[in-house]
Amino acid sequence: MQNTISNIIRFIKLSTGKDLSIFDKDFFRHTLERRTMEAGFQTSEDYYNFIKEHSEEAKELVSSFNVTYSEFFRDPLIFALLKQWILPSFFSKKDNFEKNEIRIWSAAAAAGQEAYSLTMLIDHLKMFSHSNITVRIFASDICRSEIEKAKEGFYPVDQLQKVPLKYLNEYFYPNGKGYKLIPRIRESVDFSIYDILDTKTISPPDSIYGSFDLIYCSNLFIYYNAKIRNQIVQKIEKNLANGGLLITGDSEGDILAKYKLHAVCPPAAIFQKETTPEYQ
């Protein structure tokens, strides 16, 4: 099977320009097996022979590697810490500086669930703290269709199960078979199409520069091989402000152990960039 996998990777790169070798081996194998079955074949060899003659299926295979799953308020522990500790501490620190702006990047944002969860939480906190601090939230994803869904801000009922009732009543309104976010919340997030693997840029162009206080990048590292994970983490490190925080998936902690990021509240997957002396 390994020879077939190598042949498929080589063929896809030549025919579509996409390099599937960037993915974790187990994730690649699982995705290939799933797509092989969906296309009606028993073996990867038969599937390989098929895609050589059918360019549309080759494109379908490439698309199957784009994982766009996300949820509102996905990790209850993370959002409890954001509400009770992280965001209040940001507000407190920024009050002591002339440039009182909090910058957040939701990387691999899918259809916006992650970014909007943060936006609603921040809006609620500001309402009760009476803070005048500006919060800028940037959200990016490589998938154009997901970003378009995010901008629209419409979600079926079954995708809103984890949204607190008070947020559902305050920030959404019924729309057909689902709910839509109110304009004020939709307009609070700058969505853009951006490939986090792009080596020519440091951060999403819409953000102008990095220096983010918080980067939310959950369950992305696990899909890539070690070389690509290293590339992503290095980009995130460059984008974090001194002392800035990175939030990832709860299974990704070991990946970050060798970088200048340290866990600040185990078992929560929250990591902090080292602060250089001049910024302490």
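General observations
- Selected from R184, R103, R136 as most flexible by GNM, with the chain as the system and alpha-carbon contacts under 10 Å: R184
- A Gaussian network model of the chain, with springs between Cα atoms under 10 Å, assigns the largest mean-square fluctuation among K227, K151, K83 to K227.
- Counted residue by residue at 0.36 nm each, then reduced by the alpha carbon distance between them, the extension gain from K83 to N225 reaches 47.8 nm.
- Diffusion constant of the stretch 1-72 at 25 °C, which comes from Stokes-Einstein with the Kirkwood Cα-pair radius and 0.890 mPa s, µm²/s: 198 µm²/s
- Dipole of the chain, positive end: most advanced residue of G210, M1, S92 [Cβ charges, Cα centre]: S92
- Point-charge dipole on Cβ atoms (K/R +1, D/E -1) for the chain, about Cα centre, debye to 20: 420 debye
- Extension gain, R144-D206: 0.36 nm per intervening residue step, less the Cα-Cα distance, totals 20.8 nm.
- Nearest 10 degrees, 0 to 90: helix 2-16 Cα axis against the chain principal axis: 70 degrees
- GluC sites (Glu not before Pro), loop per DSSP, at most 16 other Cβ atoms within 10 Å - longest free stretch of the chain: 99-186
- Range of Cα positions in the chain per principal axis (Å), largest first: 63, 52, 33
- Choice from A39, A268, A108 with maximal GNM fluctuation in the chain (Cα, 10 Å cutoff): A39
- Mean sequence separation of contacting Cα pairs (under 8 Å, at least six apart), scaled by the length of the chain, corresponds to a relative contact order of 16 percent.
- Charges were assigned to the Cβ only: +1 to each Lys and Arg, -1 to each Asp and Glu. The resulting dipole of the stretch 46-195 about its Cα centre is roughly 780 debye.
- Bridge type composition, the chain - antiparallel percent by DSSP, nearest 5: 45 percent
- Residues in the chain average 53 Å² of solvent-accessible surface per residue, probe 1.4 Å, ligands and nucleic acids excluded.
- Remark: accessible surface ordering of M120, M127 (largest first) is M127, M120, probe radius 1.4 Å.
- Selection of chymotrypsin sites (Phe, Trp or Tyr not before Pro), the stretch 36-137, meeting DSSP coil and at most 11 other Cβ within 10 Å: Y69, F97
- Taking 0.36 nm per residue of separation and subtracting the Cα-Cα distance, full extension of the segment from K166 to E101 would add 20.7 nm.
The values are calculated or read from the model by the stated rules, or taken from the named source; none is laboratory data. Quantities reported herein were computed from a predicted structural model and do not represent experimental measurements. Cβ atoms come from the backbone with ideal geometry, glycine included; neighbour counts cover every protein chain shown. Please note that ligands, DNA and RNA were not included when accessible areas were found on the heavy atoms of the full protein model with its side chains. Shrake-Rupley method; radii C 1.70, N 1.55, O 1.52, S 1.80 Å.
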